[in-house]
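**Q** Supplied in structure tokens, the structure appears directly below.
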Amino acid sequence: MGGAEDAGGTGPVVPERKPLALSASRASDFQRCPLQYRFRAVDRIPEPKTRAQVLGTVVHSVLEELYGLEQSERAPQRAAQLVPGAVERFYDVEGGAEVVPLAGRDEFQSDVAAMVAGLYGVEDPQRFSPASCEQYLVTATSAGTPLHGYLDRVDLAPTGEVRVVDYKTGKPPHPRFQDQAMFQMRFYALMYQRIHGVLPAQLKLIYLKNGSWLTLTPDLATMVETESTLDALWTEIEEAGRTGDFRPRTSKLCGWCDHQALCPAFGGTPPEYPGWPGSRVVPVDAPNLLAGDQRTEERS
């Protein structure tokens, strides 16, 4: 049986592809391997979810729910009570058994609970209330590079200072790679600054697995450098999009890539290039675009 046809019966309906913007994750993809960027952002080839990915998603949902409670209710015991419901939703609504078999559910729930408890080794959620959690932002650099992404949490001090916080459920990076880890936070700080006209006073990465954290105090020079880096990167991406020339770049991380079978570096052949879907247009003179909670958008 043929595919769906349009109202005029002239042929199959091709789903509209949305113009692209740059997220911190996709920026890292292109820096690591342009072909991997193409497979993920342009071709949008499905990748199997991993246990580590869904663990992070469930933990984030628990922490968002936790900070939605009244400040006085955010005791460790109450946080622990939120975990079973989040795991239940993961299995019942999101088909969790396809990623984490039911035989491993108890261990998975224990890991979620341990990550949530790890937050209390870093800070006390009963002592403050965030300005926002899981906020989706859209903006552009002064040169027009479209940016988007989720901020896990934004804290606002009584004196007006802003802190942008991101939770990680993996291991902290080796000191050699800490700057790479903070690239994502500088990306978020730039978005916040473009939207609100305020430079965050602190960027904080919390590693829930062992209760450690990294902090960075950004300055205007750092933001100028970050913006310049992203503009140059987006120029490269758009040029590759125009020509279809997304070349593979091999590294030790290739062993973790789901697309080796399609990669020329490993004897594979990529699918026919579908063409560049276009760049998302975000008015530079109106950067104050706060898109709100858009769960259909790519989180990464």
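**Q** If you go through segment 122-166 one residue at a time, how many are part of a strand (DSSP E or B) and in contact (Cβ under 8 Å) with a residue 24 or more places away in the chain? Lay out the reasoning, then the answer.
**A** Keep residues of segment 122-166 that are part of a strand (DSSP E or B), which gives 132-140, 146-156, 162-166.
Next, from what is left, pick out any that are in contact (Cβ under 8 Å) with a residue 24 or more places away in the chain: 133-140, 146-156, 162-166.
Adding up the residues that qualify gives 24.
**Q** In segment 195-212, which residue that is at pLDDT 95 or above and outside any loop (DSSP other than H, G, I, E, B) is most open to solvent (accessible area, probe 1.4 Å)?
**A** Per the criteria, the residue is Q202.
**Q** Can you tell me which residue among A97, A41 is crowded, with 21+ Cβ neighbours inside 10 Å and assigned to a helix (DSSP H, G or I)?
**A** A41
**Q** Take the residues in segment 141-159 that are under 18 Å from M191 (Cα atoms) and more than 17 Å from the chain's Cα centre (by Cα), then tell me which one is surrounded by the most Cβ atoms within 10 Å (Cβ to Cβ).
**A** So the residue we want is T145.
**Q** So V59 ticks every box in (1) under 19 Å from L119 (Cβ atoms); (2) without any contact (Cβ under 8 Å) to a residue 60 or more places away in the chain; (3) not charged (D, E, K, R) but one. Which box is left unticked?
**A** For V59, the failing item is (2).
**Q** Any idea how many residues of segment 156-185 are out of contact with any strand residue (DSSP E or B) (no Cβ under 9 Å at 6 or more places or on another chain) and among the polar types (S, T, N, Q)?
**A** Qualifying residue count, segment 156-185: 2.
**Q** Turning to a different aspect of this structure: Of everything in segment 56-76 that's in contact with a Leu (Cβ under 8 Å, 6 or more places away or on another chain) and open to solvent by less than 30 Å² (accessible area, probe 1.4 Å), which residue is farthest from Y207 (Cα to Cα)?
**A** Residues of segment 56-76 that are in contact with a Leu (Cβ under 8 Å, 6 or more places away or on another chain), as a first pass: 59, 62-63, 65-66, 74.
Next, from what is left, pick out any that are open to solvent by less than 30 Å² (accessible area, probe 1.4 Å): 59, 62-63, 66, 74.
Details: V59: 12, V62: 15, L63: 13, L66: 17, R74: 19 Å.
My answer is R74.
**Q** Considering only segment 95-130, how many residues are hydroxyl-bearing (S, T, Y) and either within 27 Å of V154 (Cβ to Cβ) or at pLDDT below 95 (or both)? Please lay out each step first, then the result.
**A** Looking only at segment 95-130, we keep the residues that are hydroxyl-bearing (S, T, Y), and these are 110, 120, 129.
Then keep just the ones that are either within 27 Å of V154 (Cβ to Cβ) or at pLDDT below 95 (or both); that gives 120, 129.
So the answer is 2.
**Q** Counting only residues that are under 21 Å from the mean Cα position of the chain (by Cα) and in a helix (DSSP H, G or I), which one in segment 239-281 is surrounded by the most Cβ atoms within 10 Å (Cβ to Cβ)?
**A** The selected residue is C254.
**Q** Might you let me know whether segment 169-185 holds any residue that is open to solvent by 10 Å² or more (accessible area, probe 1.4 Å), at pLDDT 95 or above and not in a loop (DSSP other than H, G, I, E, B)?
**A** no
**Q** Could you grab me the full set of residues in segment 70-97 that are of a type in the set (A, V, I, L, M) and more than 24 Å from the chain's Cα centre (by Cα)?
**A** Passing the criteria: A75, A80.
**Q** Going by the structure shown, is L151 of a type in the set (A, V, I, L, M, F, W, C) and within 29 Å of P125 (Cα to Cα)?
**A** So L151 passes the test.
**Q** Turning to a different aspect of this structure: Inspect all residues belonging to segment 216-223 and state whether any of them is more than 30 Å from P19 (Cβ to Cβ), assigned to a strand (DSSP E or B), open to solvent by 10 Å² or more (accessible area, probe 1.4 Å) and touching a helix residue (DSSP H, G or I) at 6+ places or on another chain (Cβ under 7 Å).
**A** Among the residues of segment 216-223, at least one is more than 30 Å from P19 (Cβ to Cβ), assigned to a strand (DSSP E or B), open to solvent by 10 Å² or more (accessible area, probe 1.4 Å) and touching a helix residue (DSSP H, G or I) at 6+ places or on another chain (Cβ under 7 Å), which makes the answer yes.
The values are calculated or read from the model by the stated rules, or taken from the named source; none is laboratory data. All values derive from a computational prediction rather than experimental measurement. No Cβ is skipped: glycine too gets one built from the backbone with ideal geometry, and neighbour counts run over all protein chains shown. Quick note on the areas: whole protein, heavy atoms, side chains included, nothing else; ligands and nucleic acids left out. Shrake-Rupley method; radii C 1.70, N 1.55, O 1.52, S 1.80 Å.
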